[in-house]
1. Of all residues in segment 9-32, how many are in contact with a strand residue (DSSP E or B) (Cβ under 9 Å, 6 or more places away or on another chain) and open to solvent by 50 Å² or more (accessible area, probe 1.4 Å)?
2. Show the residue pairs meeting these rules: Cβ distance below 7 Å; 6+ apart or different chains; first residue within segment 100-124 and in contact (Cβ under 8 Å) with a residue 40 or more places away in the chain; second residue exposed (fewer than 14 other Cβ atoms within 10 Å of the Cβ) and of a type in the set (A, V, I, L, M, F, W, C).
3. So in segment 42-64, with the set limited to residues that are more than 13 Å from the ligand (Cβ to nearest atom) and touching a strand residue (DSSP E or B) at 6+ places or on another chain (Cβ under 8 Å), which one is farthest from Lys20 (Cα to Cα)?
4. Here is a check on your reading of the model: is Ala16 in contact (Cβ under 8 Å) with a residue 12 or more places away in the chain and under 19 Å from Val114 (Cα atoms)?
5. Could you tell me which of the residues Ala58, Ala115 is more than 13 Å from the chain's Cα centre (by Cα) and part of a helix (DSSP H, G or I)?
6. For segment 46-70, which positions are open to solvent by less than 30 Å² (accessible area, probe 1.4 Å) and touching a Gly at 6+ places or on another chain (Cβ under 8 Å)?
Amino acid sequence: MSLIDTARAVRRNAHAPYSKFKVGAAIRAASGTIYAGCNVENVAYPEGTCAEAGAIAAMIAGGDTRIAEIAVIADSPKPVSPCGGCRQKIAEFADGDVEVILATTDNVVLKTTVADLLPGVFDADYMSKV
Ligand code: THU
């Protein structure tokens, strides 16, 4: 199954009763293992989590630490754009040249990179004097 199809499948499990906006994400880790996540909303709205965060949590729980490729899918008019917080979360575990595949459920696909999504990322280098 392609990474987009994995994201498409897990999207069906999203818990999004408030926004009605279901999102799926799939990560191919450096080991080759695929991890999936979906958004999980909460009646206390700020407690909800994004699909990307779920996939990253699954990856870390599974013992992988580096993202080799990530796909995100939603039923949006154009390929879904990860929120700022998720861009930072992805950058924690991915090099700048890692491919990010953004897709709509009707197969419009936009391929970009972690660095293009988050130029000027705050990373651990800035803390090297501490
Ligand atoms: N959402 C994601 O899960 N990932 C994105 O890239 C964009 C937004 C979720 C958060 C919330 O549950 C819903 O979509 C509407 O913002």
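The values are calculated or read from the model by the stated rules, or taken from the named source; none is laboratory data. Given the structure is predicted, the values throughout are model-derived calculations rather than measurements. As a convention, Cβ positions derive from the backbone with ideal geometry for all residues, glycine included, and neighbour counts pool all protein chains shown. Note: accessible area is taken over every heavy atom of the protein model, side chains too, but ligands, DNA and RNA are not part of it. Shrake-Rupley method; radii C 1.70, N 1.55, O 1.52, S 1.80 Å.
1. Initial filter on segment 9-32 (in contact with a strand residue (DSSP E or B) (Cβ under 9 Å, 6 or more places away or on another chain)): 9-16, 21-32.
From the residues that got through so far, the ones that are open to solvent by 50 Å² or more (accessible area, probe 1.4 Å) too are 12-13, 15, 21-22, 28, 30-31.
Residues flagged as in contact with a strand residue (DSSP E or B) (Cβ under 9 Å, 6 or more places away or on another chain) and open to solvent by 50 Å² or more (accessible area, probe 1.4 Å) within segment 9-32 amount to 8.
2. As it stands, the answer is Ile101/Val109; Ala103/Val109, since those pairs meet every condition given.
3. Among them, the one singled out is Asp64.
4. So Ala16 does not fit the description; no.
5. After applying the criteria, what remains is Ala115.
6. Across segment 46-70, the qualifying residues are Ala51, Glu52, Ala53, Gly54, Ala55, Ile56.
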